[in-house]
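Take a look at the structure set out below.
The values are calculated or read from the model by the stated rules, or taken from the named source; none is laboratory data. On a predicted model such as this, the values are computed, not experimentally measured, just so you know. Note that each Cβ is placed from the backbone with ideal geometry, even for glycine, and that neighbours are counted across all protein chains shown. Accessible surface is based on the protein model in full, side chains and every heavy atom, while ligands, DNA and RNA are left aside. Shrake-Rupley method; radii C 1.70, N 1.55, O 1.52, S 1.80 Å.
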Amino acid sequence: VKIGIIGLGLIGGSIGLDLRDRGYQVLGVSQRSTTCETAVAIGAVDSASQDLASLREADVIFICTPIGLIRPTVVQLVPHLRSETVLTDVGSVKRSIVAEIAPLWPNFVGGHPMAGTAESGINAALRGLFVGNPYVLTPMAETPPQAVASVRELISQLGGKYLECLPEVHDRSVAWISHLPVMVSASLIAACEREVDPAVAQLAIALASSGFRDTSRVGGGNPELGRMMAEFNRSALLETLQGYRSQLDQMIELIQSEQWSSVETILQKTQVDRPKYLKES
Ligand code: NAP
């Protein structure tokens, strides 16, 4: 099985590193020639070029460009493909992508590896990035089972935990646990930056420790990726933001009215609920 990867950055480069280690031949395409050279030098691909036609012999192609470029990339790629070639993407949203790509290429299955770091670009590529992490595929009723099986096999080679759901269910779920946290965490940093008393602002910076590091981490990541989440998962993200705001309003109300036992009751419940969302639970 020959693998193609388009977009040699954090995710594309990491897929290449691991699949090459498993013995697959990996052909890469990226936008910049320097990225292609680096990808070959670090062992993420066997060869790389800026020309989509170089992927003609690939059996399975991972599209790992930024979300907004997935559709235009597929439009340019399709004339070069053999009909049996399987396409998959790694975009963090699925409903709009699947709706746009499935009509262009029937042998397409949407995917999303739930793995990443705050870094981006080919130099951020890591071995073992997907090991033990969920990797979701979002096939539809008309997706050929063979296409799903081919990508599923590669996910298992990457060490990912396989999950399957409908594109819309994926988007509403990741809005809660991935996209909402980015907006909440970014808003936390932005709100702190609005402190008008310079003495308070400076001391806050000096005192910030592990609690602030944890709660601000995802808000300090790649701005382009955060924008893509908002733009391409707009309705699901808005729903979760409204839900979060109503929770905050409730907390403000309870504190204003000095209902300390109710505040504690909420925190007792969140203390019990949190482990459900964590891998080690
Ligand atoms: P990234 O590190 O910025 O990598 C994307 C790469 O795509 C860039 O390095 C760029 O390489 C290349 N590229 C840009 N335009 C291109 C084009 N027209 N044709 C070919 N290559 C092009 O970003 P990433 O974090 O890997 O994200 C890539 C995808 O993975 C996104 O769709 C994102 O939603 C998804 N994803 C990200 C994460 C995460 O945590 N980061 C997690 C799961 C899924 P050049 O240097 O050649 O310009």
Residue count for region 86-101, restricted to those that are closer than 21 Å to Gly13 by Cβ and among the basic types (Lys, Arg): 0
Every residue from region 53-77 that is of a type in the set (A, V, I, L, M, F, W, C), open to solvent by less than 60 Å² (accessible area, probe 1.4 Å) and closer than 22 Å to His112 by Cα: Leu55, Ala58, Val60, Ile61, Phe62, Ile63, Cys64, Ile67, Ile70, Val74, Leu77
Any hit, region 57-70, residues being more than 11 Å from the ligand (Cβ to nearest atom), farther than 22 Å from Tyr135 by Cβ and touching a helix residue (DSSP H, G or I) at 6+ places or on another chain (Cβ under 9 Å): no
Only one of Tyr162, Tyr135 that is of a type outside the set (A, V, I, L, M), touching a Phe, Trp or Tyr at 6+ places or on another chain (Cβ under 7 Å), within 30 Å of Gly243 (Cα to Cα) and away from the ligand (no atom under 14 Å from the Cβ): Tyr162
Given (1) more than 14 Å from the ligand (Cβ to nearest atom); (2) within 23 Å of Gly9 (Cβ to Cβ), number of the condition Phe130 does not satisfy: (1)
Subset tally (residues that are modelled with pLDDT of 95 or more and either aliphatic (A, V, I, L, M) or touching a Ser or Thr at 6+ places or on another chain (Cβ under 6 Å) (or both)) for region 63-79: 9
Answer residue from region 195-238, given it is loosely packed, with under 11 Cβ neighbours inside 10 Å and of a type in the set (Ser, Thr, Tyr) and is nearest to the ligand (Cβ to nearest atom) among those: Ser210
Any chance Val93 is within 14 Å of the ligand (Cβ to nearest atom), within 19 Å of Val148 (Cα to Cα) and either part of a loop (DSSP other than H, G, I, E, B) or without any contact (Cβ under 8 Å) to a residue 12 or more places away in the chain (or both): yes
Hey, Ala115 more than 14 Å from the ligand (Cβ to nearest atom), open to solvent by 20 Å² or more (accessible area, probe 1.4 Å) and out of contact with any strand residue (DSSP E or B) (no Cβ under 7 Å at 6 or more places or on another chain) or not: no
Residue count, region 118-155 (criterion: open to solvent by 70 Å² or more (accessible area, probe 1.4 Å) and within 18 Å of the chain's Cα centre (by Cα)): 7
Residue in region 19-26 that is open to solvent by less than 30 Å² (accessible area, probe 1.4 Å), touching a residue at least 12 places away in the same chain (Cβ under 8 Å) and more than 9 Å from the ligand (Cβ to nearest atom) present: yes
Selection count, region 96-117, where residues are part of a loop (DSSP other than H, G, I, E, B) and either within 14 Å of the chain's Cα centre (by Cα) or closer than 24 Å to Asp51 by Cβ (or both): 8
